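Down below is the structure, laid out as structure tokens.
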């Protein structure tokens, strides 16, 4: 008999809701992917790089030109320079990078502090590497971290703390004072911080992103994960990168080389050119804020759902309290079968399925898609 490393892990809620959405011809606002086109200029660049012959293995850490551009970008945005040779690695998406990091640093009996609701990859990857997740619960509607509670769960076995800002699924941000509180907690320890910043450019209302790269105490112990797929509307390309001080990156690359070795070559060269146009990422927040506002206005004017404010990502939480007594997964399934709209039940982001009657909707869609979805939700 096979003894499973993850005996309690079942099919992802994203797969379940997307399959149900397809089966019932529903409008899929569950999975986080845009339904509009990638920039034609980026497509042309990828095609040109293929024609230019960049079709074989890239260097294990990634194409040097791209790593240099990433270094320059982060220095401009966060006033810290990462060495492109030793502190930046291109990954096959942030998820691969995260799993590689967990594999590189976690051992049996290590503990990892994370905040729920949490991206659903964290816990299985932690458990697969023999470590134990330690949960700090965030509750609706604020979903703010209680750093005093974090102090209480940190101990000698704490190997890692995972932060995610802008936060999936809530769209909340960790403010500067929160990052300072984290800095004080890890100061003088050997704790590694994993900072999932894949939505760094999707922030609204002129709020500034508080990257871990801005805080000296965090820089020396943090791996930062980013996603070109999220930034350039190309989630299917699965390309991202990780930033870390040299001593951490050295260990990360030991595992990375045996997981994927290298990442898609022509796309790396194409992004290296495309990233020169800073507006492609600096104007992303404004682009998505218009979509958030449009979706929120439609929901507010036409439905009885309650808005839970989002300040980043392309997800909007809606409370259906007062509309139904069903648990959120049951309600989400009912939305698909009876009203043709797919969303994600937020309880699925908690290990104990904590239910507050909240669903996550993706608004990275065309206005027409959002309008059609709200027409269906209006009938509830």
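Write down, largest first, the equivalent ellipsoid semi-axes of region 133-222 in whole Å, where each equals the square root of 5 times an eigenvalue of the alpha-carbon gyration tensor.
21, 16, 11
Computed over the Cα atoms, what is the radius of gyration of region 56-277 divided by 2.2 N^0.38 Å, N being its residue count?
Against the compact-globule rule of thumb, the ratio is 0.96.
Would you mind telling me which residue in 216, 34, 309 has the biggest mean-square fluctuation in a Gaussian network model of the chain, where springs connect alpha carbons within a distance under 10 angstrom?
So, out of 216, 34, 309, the one fluctuating most is 216.
Using only Cα atoms, locate the centre of region 3-43 and the centre of region 124-156, then give the distance between them in Å, rounded to an integer.
Cα centres, region 3-43 to region 124-156: 26 Å.
Using only the C-alpha atoms of region 292-358, find the volume of their convex hull and express it per residue in Å³.
Hull volume normalised by residue count: 95 Å³.
Take the eigenvalues of the Cα gyration tensor for region 259-380, scale each by 5, and report the square roots as semi-axes in whole Å, largest first.
32, 19, 13
In deg cm²/dmol and to the nearest 500, what is the mean residue ellipticity at 222 nm of the chain if only DSSP H runs of at least 4 residues count, each as -39500 (n - 2.57), divided by the residue total?
On the way: 15 runs with 149 residues, N = 380.
Helix-only estimate at 222 nm: -11500 deg cm²/dmol.
How large is Rg over Rh for region 1-67, taking Rg from the Cα atoms and Rh as the Kirkwood inverse mean of 1/r across Cα pairs?
1.18
Computed from these coordinates, which is Cα extents along the principal axes in Å: (1) 56, 53, 52; (2) 56, 51, 42; (3) 79, 50, 40?
(1)
Would you mind telling me which residue in 241, 281, 314 has the biggest mean-square fluctuation in a Gaussian network model of the chain, where springs connect alpha carbons within a distance under 10 angstrom?
Sorting by GNM fluctuation, first place goes to 281.
In a GNM of the chain with a 10 Å cut-off on Cα contacts, which of 85, 196, 352 has the highest mean-square fluctuation?
Top of the fluctuation ranking is 352.
Which whole-angstrom value gives the distance between the alpha carbon centres of region 253-280 and region 46-85?
The distance from the Cα centre of region 253-280 to that of region 46-85 comes to 6 Å.
Report the equivalent ellipsoid semi-axes for region 45-103 in whole Å, largest first, defined as the square roots of five times the eigenvalues of the gyration tensor built from alpha carbon atoms.
22, 17, 10
When you take every Cα atom in region 1-145, what is the radius of gyration, and what is Dmax, the widest Cα pair distance, in Å?
Computed over the Cα atoms of region 1-145, radius of gyration and Dmax are 20.0, 55 Å.
Compute the separation of the alpha-carbon centres of region 170-235 and region 318-380 and state it in Å as a whole number.
28
Restricting to Cα atoms and excluding each atom paired with itself, what does the Kirkwood estimate give for region 193-328 in Å? Mind dumping the intermediate values first?
Numbers: mean 1/r = 0.0566 Å⁻¹.
By the Kirkwood definition, the hydrodynamic radius is 17.7 Å.
Where a number appears in this text, it was derived from the coordinates with a stated rule and is not lab data. The structure displayed is predicted, hence computed values, not measured ones.
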